[in-house]
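FYI, it's all coordinate maths here, none of it is from the lab. These figures come from a predicted structure and were not determined experimentally. Methodologically, a virtual Cβ is constructed for each residue, glycine included, from the backbone with ideal geometry; neighbour enumeration extends over all protein chains shown.
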Amino acid sequence: MCGIAGLWCRTGVGEDDLRESLERMTATLVHRGPDDAGTWCDAAAGTGLGFRRLSIIDLSPTGHQPMVSSDGRYVVVFNGEIYNFVELKSELTQAGSTFRGSSDTEVILEAAVRWGAEATIPRLWGMFAIALWDRIERRLLLARDRFGKKPLYYATDRHRLVFASELKALRAADISVAVDRRALADYFRFGYVPSPRTIYDGVAKLPPGSLAIVERTGDVRVRSYWDGRRVAIEGRRARRDPHDESLVIEELDCLLRDAVRRRMVADVPLGAFLSGGVDSSLVVALMQAQSSRPVRTFSLGFTEADYDEAPAARAVAAHLRTDHTELYVTPQDARQIIPRLPDVYDEPLGDYSQIPTALVASLARSYVTVALSGDGGDELFGGYVRYVWADRARQAVHRWPAGWRRRMGSTLGRLSPATVGRLYGLVERGLPSRLRQVHPEEKLAKLAKMLAAENDDEAYDLLVSVWTEPRLVVGLADGPRPGPDANHAAGIDSFVERMMLSDQLRYLPDNILVKVDRATMAASLEARAPLLDHRLAEWVWRLPLRFRCRDGVGKWVLRQVLARYVPVSLFDRPKSGFGIPVGAWLRGPLRDWAESLLDERRLAREGYLQPRAVREVWADHLAGRRDEYARLWVVLMFQAWLDRWGK
C-alpha cells in the first residue's frame, strides 16, 4: 500500500524544478508509505512520477518504485495489491518475459510490455490506483480499481495535469483550491462528495473501474473498463433460479475462500477487524479456516451498552480461537482524535463512524501491517435494514393519495424524538416482536421523507439524504439537488435492487471506502476487503433477489455460509452498524468544540452556509426537541475541514 503522485506538463521543464515539485507532493503522503520513497523524471517530456512505499510484498529493493519495465518503455507508480499477480506472472513467464524480483508491480509493467497498457488493466484483480507512463508514445495512463478502493485525484489547467492519491498532495503542487459550491451542496445532501466531483472546483476523482488517457496534446480521455451498472443489468438478464440452494451456498463458500486466501498473501504481519457482525465474522472465519496459527483480530467497545459490540466480537473470536484484542472507547478518546480528522480526511466526510474506524485502525497497526475487513457485504448482499424497510414502506404508502402522503410526511417530520418515543411506547406492547423497532424516531423520520417523494428514485435519495433544506449553501439559488446519477438504476425494475445498486455505485466508493482508506492509511495500515472481489459482484447479480433478502432479513446466502463456521446464535442479532453515541457527546463533552465551529458570526463571516438554518438545528438538538447529530456532524466536519484547509 502506497501513495502516488505525478505531473505531466505540455512543455519540457527543468529537472530540478520537476523533482522539487514531486518531493513536495510525496512528502504529504508519508503516512501512506513510511518505508521508502522515490521519484522519476523525464524533464524533456515534462513528466515526473513520485512514490511513497508501505512495504507489503517483496520487501527487497527490487520492489522499489517508480519502476521501469525491462525494455525501458514503461514507468509505473502503483498503489494497491494485485491478487492474481502469481497467475499473470506465470502466463508472462511462459510467453518469454523475465523478472528481477517478486513484486506485483513488476508484473504490471511486464504485462504492459507484452499486452499493451490499456489491455493490461482489465486483467488485474485487486485494489489499485496506477499511473503508467509510455516513454515512446509520450502518453500517460491513469487507472483505478473496479470498486474504487484506492483513491486517485487529478486536476488540469492550460499547462499541466497533476495527479495524486490525496488532495493534500495536489495542494502541494500549487493547484487552484476554490471550493466548488455545487460539490458542497452534494456533500450536505449525502454526507460525502460523489464522484467525479471533489470539494474543489476543477479537481476530479477518477471514477471506479475507469482509465484516463492523457495524450501528447494534453487531451484527457476517460473511459470505463468495468461498469457496476452494466454488471448488474447483464447479471439480471442472465439470471438463473437454482432449485438446489445447497449448491449455491457451496459455490459461494468456494468463491469466498479463494477471495480471502488471495488477500492473506503478505510478507508482513496480517490480521482482521472483527465487529461480531455477519461480514467481519465471515471473513475472519474463512481466514482462520485457512491459517495454521490463530488470526489476529481487533474490535472496539463502548461503555454505552446500546453501542457496544465488543461482547459479540469477543464471543465470535472465542469460538474461532483467534488472537483477539479489543479497545474500549471513551469520549476522551474521541476528543483526542477529532482534531486530526481534517488531516486524515482532506476532503469533508460527514460519517461519524470515521472516529471508531480511525481508532480501530490505530489499534490494529500496533500489531499488524495488513488487516482484512468485511466492507462491501451490505451493498452487494442486501445487508442494510433500509432495503427491506423502505420497500415495505413504499408498498404501504403508495396505496394513499399523493397529496395526503405529502401532508402526512410534513406532519410526521415535525414531531420531536421525545413525542415519538411516548407515542411508540403506548402501542409497543401490542405489537408482535417482528414489528418492534429499536430506534422508532429514526424510522419515523425516514418514513416522513418517503411520504414526500414523487417517485421511487427520489424516495431513496431522500431516504439517504442528510440535509434537504433549500438554499442551505450560500450562493446556490436552487439548493440541494437530486442524486448526481439520476439514471444509474435505469433498466432495473426491482426497488430493492435499485437501492442496492445505488449504494454500490455511490455510497460505497465515496463514503465507506473513503472512510476506511484514509483511516487505515493515516495509521500506515493496509486494509483489504475480500467481499469486494469483483467476481463476487458478477456472481451475486446473476442470482434471484431471494438469495440476498428473505423473510425481512438481508444477506441470506452469506448467513448460510457463515453458519458452517460459527453458531447462528453468535451472529443472528439486529444490525447496529459501526456507531458511536455522538448525539449524547455533542450535548456533553463535545459541546464546546461544536459550539465554536457553529458560532453564528463565524458562519456568516465564512459565507458558505446560512447561519440561521444551522443554528436552529443546533438549538433543537441541545434542547432535545430533535436528535440532530447526523446533520450536525456533516456541518461540523465541513467546518473543521474549512478551519484546516480553507486558507
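Fewest-first ordering of K647, K168, K515, K149 by other beta carbons within 10 Å of each residue's beta carbon gives K647, K168, K515, K149. Mean separation of Cα pairs under 8 Å and 6 or more residues apart, divided by the residue count, gives the range 177-295 a relative contact order of 11 percent. Annotation: the residues E20, E628, E91, sorted from fewest to most other C-beta atoms within 10 Å of their own C-beta, follow the order E20, E91, E628. How far, in degrees from 0 to 90, does helix 278-289 lean away from the longest principal axis of the Cα atoms of the chain, to the nearest 10? Result, in degrees: 50. Rounded to the nearest 0.05, the FRET efficiency derived from the C-beta distance between R181 and R261 at R0 = 41 Å is 0.30.
The gain in end-to-end length when the D16 to E469 segment is fully stretched comes to 158.0 nm, 0.36 nm per residue minus the alpha carbon separation. Of all alpha-carbon pairs in the range 80-155, indicate the percentage at a distance above 19 angstrom. Counting every Cα pair in the range 80-155, those more than 19 Å apart make up 34 percent.
Computed across the chain, the Kirkwood hydrodynamic radius from all distinct Cα-Cα pairs reaches 25.7 Å. Distance from a point 7 Å along Cα→Cβ of Y225 to each backbone N in the range 126-145: keep the residues under 13 Å and list them by number. Once the point is set 7 Å along Cα→Cβ of Y225, 126-133, 141-145 turn out to lie under 13 Å by backbone N, inside the range 126-145. Between 0 and 90 degrees, the angle of helix 354-365 with respect to the longest Cα principal axis of the chain falls at about 50 degrees. Distant-in-sequence amide contacts of V329, defined by a placed amide H-H separation under 5 Å and a gap of 5 or more residues or a different chain, comprise G301, F302, T303. Spacing of the modelled spin labels on R24 and R158, each 7 Å from Cα toward Cβ, amounts to 2.0 nm.
If you sort the three axes of the alpha carbon gyration tensor as a ≥ b ≥ c, you get a/c of 1.5 or more for the range 299-401 and a/b above b/c, which makes it prolate. Computed from the Kirkwood radius of its Cα pairs, the Stokes-Einstein diffusion coefficient for the range 497-646 at 10 °C and 1.306 mPa s stands at 83 µm²/s. Restricting attention to the chain, the count of lysine pairs at 8 or more positions apart or across chains with alpha carbons under 19 Å apart stands at 13. The residues D17, D104, D592, when put in order of fewest to most other Cβ atoms within 10 Å, stand as D592, D17, D104. Segment T303..A289, full-extension length gain: 1.8 nm, with 0.36 nm per residue of separation and the alpha-carbon distance subtracted. If the segment from R321 to A604 were pulled out straight at 0.36 nm per residue, it would be longer than the present Cα-Cα gap by 96.3 nm.
Helix 245-262 and the long axis of the chain differ in direction by around 50°, with both axes built from C-alpha atoms.
Overall size of the range 65-109 from C-alpha positions, given as principal axis extents largest first: 25, 24, 14 Å. Shape descriptor for the range 582-645: Rg over Rh equals 0.94 (Cα atoms; Rh from the Kirkwood inverse mean 1/r).
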